[in-house]
Amino acid sequence: MKIKTVLKSPWIFHASSGSCNNCDIEIVDCLTPRFDVERFGILLAGSIRHADVILVTGSCNRQAAARVKKLYENAPKPVFVVAIGECSLSRGMFINSYNCPVPLDKIIPVDVYVPGCPPKPEAIIAGILKLMEKTKTGKKPQENK
Amino acid sequence: MVILGFIFTAIVGLIASWAERKITARIQYRVGPVLLQPFYDIAKLFVKQTLIPEGSFKPVFLAAPIIGILSVIVSSTILWINCVNMKYTFWGDLIVVVYLFMVPSLSLMMGAFAAKNIYAALGAAREMKLILSYELPFILAILVPVIKSGYSVRFSEMLQYQAAYGPFAMSLSGGLAFIVAVVCIQAKLGFVPFDVAEAETEIVGGVLVEYSGKALGIFRLMKNMLLAALPVFLIMIFLGGLGDGFLGLFFGILKYIMILLLIVVIKNTNPRLRIDQAVRFFWGPVTVCAIAAVILAARGL
């Protein structure tokens, strides 16, 4: 019930954990007139305190990892995390880098993964819809396995 | 009566905020949200967790939204009573309403200073400067209908005067004062070009940066209710009230939609002003216009 109400107006917070900016541009594309995600009540929140969905892009380097964790702790619950792009899924081409010790889902719980380098805006919207579909059962996706 | 006023204002305000978002979307060639979207937003904020930031002054932080919304409820109830039944009004209700419309801005400032956040403090400082700049022309503009109705500070007498001699906005001084008042309520509502206090792209939400869950929901509801109450206030003192009877009510709603449309179009066709530009704008041309309107009204024009 609570989660259903939240997903009627998911306000998204965009956190970049050291990305190359490509995924970030694709996220901004979703908000432009062509895709217009405000139809679903999605708004871009400026402050983490207003967020319902955190979109994380980038490879979570040593500097950013602590900050991403802090962001997750500062968000009012229930909150969902969407990992966007190859880097945040599996660190992509930085998998052997000294600076990227762990992927995002070892730091905070991730609900939806959107692969691609960068993912198309259609793929990001499909990912958010998948989040809505999965939570209709009342469980968070990671409990659904 | 107060509860009825609250429910009615809240519904009108939420629908008005939907209209505002929808018109904005259409101006930008988008589709825009569904009709119930503002209701979903408020419902969502009320089920979310309310976080109290570490180091904040908790009583003031939590009391601020409640003080803000209570003042809007009381002021809008006074306005509705004047539209429904003039017997229950009192002398000087105009002054009370003008004071109560200032409290939401003060409550935002209180909450922001209590939050112990640098962005919130910056937003609150800007809000304070904005209040100092727009209150003077706003009160001068309200002085014009007061002078024209024979120095009356009671809504019912003003409405009766307008019913007999036509709306104040039709005269030269009234029209000038009406334009000034529309610009001032743009700032009171915190809309672009005067949204420096909560500039999302600049100081990440400003005064509201630390608010979450129920407290944020109350603040949002308060702003949406102001969007219902302030245009009605202007209609009552400048455009001859909402009117009674079926036809009168129809024209009243038309007046409300016209003012709402005007506000939204101003919002969408202007960039954000810096705080110094906003203060210069209000203390310069707007105050001069307001003073001119008062002088014209005193000379009977």
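The values are calculated or read from the model by the stated rules, or taken from the named source; none is laboratory data. Everything quoted here is computed from the prediction, not taken from an experiment. So basically every Cβ, Gly included, is an ideal-geometry build from the backbone, and we count neighbours across all protein chains shown. Each accessible area value is taken on the protein alone, full model and side chains, heavy atoms only, with ligands, DNA and RNA left out. Shrake-Rupley method; radii C 1.70, N 1.55, O 1.52, S 1.80 Å.
One table, with the values for the structure above:
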{"item": "Förster-model FRET efficiency, 22 Å R0, B:ILE67 and A:LYS77, C-beta, rounded to 0.05", "result": "0.25"}
{"item": "Estimated FRET transfer efficiency (A:LYS70, A:ASP29; beta-carbon r; R0 30 Å; 0.05)", "result": "0.60"}
{"item": "Rounded to the nearest 10 Å², the accessible area of A:GLU122 at probe 1.4 Å", "result": "100 Å²"}
{"item": "Solvent-accessible surface (1.4 angstrom probe) belonging to B:LYS58, in square angstrom, nearest 10", "result": "110 Å²"}
{"item": "Average other protein chain Cβ within 10 Å of Cβ, residues B:17-26", "result": "1"}
{"item": "Test item: Cα-centred dipole of region B:2-298, Lys/Arg +1 and Asp/Glu -1 on Cβ, debye", "result": "380 debye"}
{"item": "Inter-probe distance in nm under a simple model that places probes 7 Å from Cα toward Cβ, at A:ARG62 and B:PHE57", "result": "4.2 nm"}
{"item": "Within region B:74-111: backbone nitrogen closer than 18 Å to the B:PHE251 label point (7 Å, Cα to C-beta)", "result": "B:83-84"}
{"item": "Mean accessible surface per residue for region B:2-298, computed with a 1.4 Å probe while every protein chain stays in place, in Å²", "result": "43 Å²"}
{"item": "Gyration tensor verdict on region A:1-127 (Cα atoms; rounded if a/c is under 1.5, prolate if a/b is larger than b/c, oblate otherwise)", "result": "oblate"}
{"item": "B:ALA298 versus B:LEU261: modelled label distance in nm, points set 7 Å from Cα along the beta carbon direction", "result": "3.7 nm"}
{"item": "Hypothetical label at B:VAL34: residues of region A:95-129 whose amide nitrogen lies under 13 Å (7 Å Cα-Cβ projection)", "result": "none"}
{"item": "The protein assembly as shown - mean residue ellipticity at 222 nm from DSSP helices (-39,500 (n - 2.57) per run, n ≥ 4, rounded to 500)", "result": "-19500 deg cm²/dmol"}
{"item": "Local electrostatic count at B:ILE81 - Lys and Arg +1, Asp and Glu -1, tallied over other residues with Cβ under 15 Å", "result": "-1"}
{"item": "Principal axis box of chain B, alpha-carbon based, largest edge first, Å", "result": "57, 43, 41"}
{"item": "Peptide-level mean, for B:33-40, of C-beta atoms on other protein chains within 10 Å", "result": "4"}
{"item": "Shape category assigned to region B:160-301 from the gyration tensor of Cα positions, a/c cut at 1.5", "result": "oblate"}
{"item": "Too-long pairs where the Cα-Cα distance tops 24 Å, listed order kept, from B:LYS148/B:LYS267; B:LYS223/B:LYS267; A:LYS4/B:LYS214", "result": "B:LYS148/B:LYS267"}
{"item": "Summed residue charge, Cβ within 15 Å of B:ALA163's Cβ, Lys/Arg positive, Asp/Glu negative", "result": "+1"}
{"item": "For region B:8-108: rounded, prolate or oblate by the Cα gyration tensor [a/c cutoff 1.5]", "result": "oblate"}
{"item": "Mean separation of Cα contacts under 8 Å, 6 or more apart, over the residue count of region B:144-301: relative contact order %", "result": "37 percent"}
{"item": "Computed accessible area, B:MET86, all protein chains, 1.4 angstrom probe, square angstrom", "result": "70 Å²"}
{"item": "Most mobile listed residue (A:PRO76, A:PRO118, A:PRO33) in chain A, GNM with C-alpha springs under 10 Å", "result": "A:PRO33"}
{"item": "Debye, to nearest 20: dipole size of the protein assembly as shown, +1 on Lys, Arg Cβ, -1 on Asp, Glu Cβ", "result": "680 debye"}
{"item": "Highest-first arrangement of B:177-186, B:29-38, A:10-19, B:262-271, where packing means the average Cβ count within 10 Å", "result": "B:177-186, A:10-19, B:29-38, B:262-271"}
